[in-house]
Amino acid sequence: SNATFQVISICFLSCNKLKDYLTVGIAKAGSSASLQQIYTELYITEGGASEVNEEHEVGHIETSRRLAERPIACEDIFKQSEEPIRMVLTVGVAGVGKTVLTQKFSLDWAEGKAHQDIQLLFPFTFRALNVLMGKSFSLVELIHHFFSQPKALCSFEELKLLFIFDGLDECRLPLDFTQTKVLTDPTESASVQELLVNLIRGSLLPSARLWITTRPAAANQIPPESVSMVTEVRGFTDPQKEQYFRKRFRDEQKATKVISHIKSIRSLYIMSYIPIFSWILSTVLEHLSETTEQLPHTLTQMYIHFLVVQAKVKNIKYHEGTGADLHWTEETKEMVRSLGKLAFEQLQKGNLIFYESDLRECGLDAAEIARYSGVFTQVFREEQGLYQDNVYCFIHLSVQEFLAALHVHQTFFSSGKNLLSPQHSSESPEVFYRSAVDQALQSPNGHLDLFLRFLLGLSLPINQSLLTGLITQTGHDSTNQETVRYIKEKLNEKGLSAERSLNLLHCLNELNDRSLLEEIQKVMRGGGVCNKHMSPAKWSAVAFLLLSSDSNLEEFDLNEYYTSDEALQKLLPVVKASKKSVWGLLLIC
C-alpha cells in the first residue's frame, strides 16, 4: 500500500541519517567517514556461551574455545537454517562490534543491497528505551514515538518486519518473563517492558523477526525457548588484527615493528581482538613511534600513555600548548578526578552507560560532565540519544576501569581513604592493596579483574612517573614486594577458580614480577611438569604459559601432565581454548 511505501521511505531516510556515518574512534569535526567505506568484516560464529558468565570479558576472550566453528556473514544472519528464524540473539564482549554490525545490516537494507525480504526494519537501542520507564504505549504508539512520521500505518500483522534491539546488557527495564501479562493486540496500551516481553516471547506480532544484541553476562535474561539461534561476534581474527594495524601504519617498517611488539605482550595481543582496543592501542603506538619513549609492556602503561596522549591533545586544542611536554592544568586534573569518580561509582553498580540521574547520584553536575565530553572526546562521550535523551559513556569498559583504578589510587594516597572498604578507613598501603585483591577475588563474575590489574600497575614508581603532576608519587617498593607475596599466597589457596588464578598472574606481570613464570618455564623445558607435588600456583602458571604460547593448541594432551584433581582444575582454561583435548580415552570438546 501507499502507507507501506511511505514508511519504507521514512525508515530508509532514518537509516541513512542515523547509520550512514561512523568514525574510527570518536567523532571529530571533519572526520566522519561513510560506514560502507570503513567497515571491516568481523568474525561472527553460530553459537555462543550459554553458561552463566563467571569471568571478566577479557578472560572470556583469552579462553574462548577454538573449535572449528562455522563463520557467518552479516548478510546471512537470518539464513542459517531451513526452518524460519524468528529471533537471533547475538552476544559479544564490550567494544567488539555488535552495534556496528546492526548498523551495517540496517544500511545494507536501506540501500537495497541485502535483506530485501524484510519490508520494514525498526532499529531500537535499549539506551533509548530506558528513558521511557514508567510510561505506557501500545506497540503502534511506541513505533510512532521513535518514527514519528508514519502515522498512516497502524496495522503491521501482514508485513514482514524486523525489530532490532541493540544492547540488552544496558537495559534497565525489568523484563519479567514469568509474571508479565499476555498481550496480543498491537494497539493495546502497556508499559514498555511489557511490550518488550510480549514481543520477545511471540505473543505480540508472532510473525515478526527480532534481533537482540548483548554482552555475554546479560544473555541469560532471554528465555532459551524464545531464541531461534545464538551468534557470537568474536571481533578480529589474528589475520584481521594484522591487517588492521597495517592499514593504520602505512609505513611497512613501522607497521612490522608495532605488530611484533603487540605479539610479544600477551595481555595486549589478547585485547587487540576487540576493535575499539585495537584503535586505542594504535593511537598510543602511533604517538610513541614519533618519540624516543619506550613502547608500553603492560596494560597499565598502555592506558597511562592513552590518557597522556588525550591530555596533550586537549592542551594543544584549548590552551595553545605544543604537546611536547604535558602540563597538567588544574582544569584537566579536575576533569580526570570527576571522570574517575563517575567511573568507579558506576563500575560498582555495573553501569556502562549513564543518564543525568546517575550523574546526580555521584554528586556531579550534568552540565559540567557534558562539557568534559566535548574536551576529552576520545575518553568520554555524550551521545545525543538516537531520538531525544542524552546518554553518557566512556569509549570502552576498559577505559572506565582504568579511570576508576586511578581514582581509587589517588583518593587513598591523597586522603588516606580506602574507597574499597565500607568504612573508607585509613589503612597502610599494604592493607589497601590486600583489600583490593580480596575484593576482586570475591567478585562472582570477575568484574573487578581488570580494575585490579590497573590499580596494582599504578603502584609502580616507573608508572607513576608517567603521570607526574597528576597523581601522588608513592615510591613504596617494599609495599609492592608485600603485594607480590600476598598474591602468590592467594594463588596457592585451594578452591580458587582457574579464571581468578590467571588474572592474579596477570597482576604479577603488572607488578613486574615474573619469577613464578620463569621458574615454571625452566621446569617445562626440563620436562618435569608431570609432578604430583607441584603447587596450585605452579599449575596456574603452566596454564598461563600454555595460553600465552604461539601454539594454536590444536590438540591438548592431558596425558602429558600429572592429572590430579587440582591440576585438572587449573588446566581447564587450556582445555576450553584448545580445539581438542585428550585425556586417556576421554575426549573433552
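The values are calculated or read from the model by the stated rules, or taken from the named source; none is laboratory data. As the structure is a prediction and not an experimental result, all values here were calculated from the model. All Cβ positions, glycine included, derive from the backbone under ideal geometry; neighbour counts span all protein chains shown.
Below, the figures for the structure above:
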{"read-out": "Residue that is farthest from residue 313 (Cα to Cα), among those in the range 370-380 that are at pLDDT below 80 and either among the small types (Gly, Ala, Ser) or touching a strand residue (DSSP E or B) at 6+ places or on another chain (Cβ under 8 Å) (or both)", "value": "370"}
{"read-out": "Residue in the range 203-213 that is among the polar types (S, T, N, Q), part of a loop (DSSP other than H, G, I, E, B) and more than 23 Å from the chain's Cα centre (by Cα) present", "value": "yes"}
{"read-out": "Pair list, Cβ under 7 Å, 6 or more apart: the range 244-271 residue in contact (Cβ under 8 Å) with a residue 24 or more places away in the chain, other residue of a type in the set (Gly, Ala, Ser)", "value": "244/278; 245/255; 245/282; 248/282; 249/255; 254/289; 266/548"}
{"read-out": "Pair list, Cβ under 7 Å, 6 or more apart: the range 422-435 residue surrounded by fewer than 17 Cβ atoms within 10 Å (Cβ to Cβ), other residue of a type in the set (Gly, Ala, Ser)", "value": "426/416; 435/421"}
{"read-out": "Residue in the range 188-195 that is within 30 Å of residue 114 (Cβ to Cβ), in a strand (DSSP E or B) and not aromatic (Phe, Trp, Tyr) present", "value": "no"}
{"read-out": "Filtered residues of the range 215-233 (kept if under 23 Å from residue 190 (Cβ atoms) and β-branched (Val, Ile, Thr))", "value": "222, 227"}
{"read-out": "Within the range 438-462, considering residues that are farther than 14 Å from residue 404 by Cβ and buried (at least 21 other Cβ atoms within 10 Å of the Cβ), the one nearest to the chain's Cα centre (by Cα)", "value": "446"}
{"read-out": "Some residue of the range 45-63 being under 19 Å from residue 104 (Cβ atoms), in contact with a helix residue (DSSP H, G or I) (Cβ under 9 Å, 6 or more places away or on another chain) and modelled with pLDDT of 75 or more", "value": "no"}
{"read-out": "Restricting the range 111-123 to residues that are among the hydrophobic types (A, V, I, L, M, F, W, C) and buried (at least 20 other Cβ atoms within 10 Å of the Cβ), the residue that is nearest to residue 355 (Cα to Cα)", "value": "121"}
{"read-out": "Residue tally, condition of a type in the set (A, V, I, L, M), modelled with pLDDT under 90, within 29 Å of the chain's Cα centre (by Cα) and over 27 Å from residue 275 (Cα atoms), over the range 94-149", "value": "1"}
{"read-out": "Filter pass, residue 581 being surrounded by 20 or more Cβ atoms within 10 Å (Cβ to Cβ), modelled with pLDDT under 85, on the phi < 0 side of the Ramachandran plot and over 25 Å from the mean Cα position of the chain (by Cα)", "value": "yes"}
{"read-out": "Unique residue being among the charged types (D, E, K, R), touching a Ser or Thr at 6+ places or on another chain (Cβ under 8 Å) and at pLDDT below 70 when the list is 532, 570", "value": "532"}
{"read-out": "In the range 284-305, the residues that are at pLDDT 90 or above and not hydrophobic (A, V, I, L, M, F, W, C)", "value": "296, 297, 298, 300, 301, 303, 305"}
{"read-out": "Hits in the range 454-504 (condition: touching a Lys or Arg at 6+ places or on another chain (Cβ under 8 Å), outside any helix (DSSP H, G or I) and closer than 21 Å to residue 541 by Cβ)", "value": "496"}
{"read-out": "Selection count, the range 107-116, where residues are outside any loop (DSSP other than H, G, I, E, B) and over 14 Å from residue 73 (Cα atoms)", "value": "3"}
{"read-out": "Pairs with Cβ under 8 Å, 6+ apart, first in the range 178-203 and on the phi > 0 side of the Ramachandran plot, second in a loop (DSSP other than H, G, I, E, B) and of a type outside the set (Phe, Trp, Tyr)", "value": "202/86"}
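This table checks each residue for (1) touching a Phe, Trp or Tyr at 6+ places or on another chain (Cβ under 8 Å); (2) surrounded by fewer than 15 Cβ atoms within 10 Å (Cβ to Cβ).
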residue: 193; (1), (2): no, no
residue: 201; (1), (2): yes, no
residue: 220; (1), (2): no, yes
residue: 232; (1), (2): no, no
residue: 236; (1), (2): yes, no
residue: 246; (1), (2): no, no
residue: 250; (1), (2): no, yes
residue: 254; (1), (2): no, no
residue: 261; (1), (2): no, no
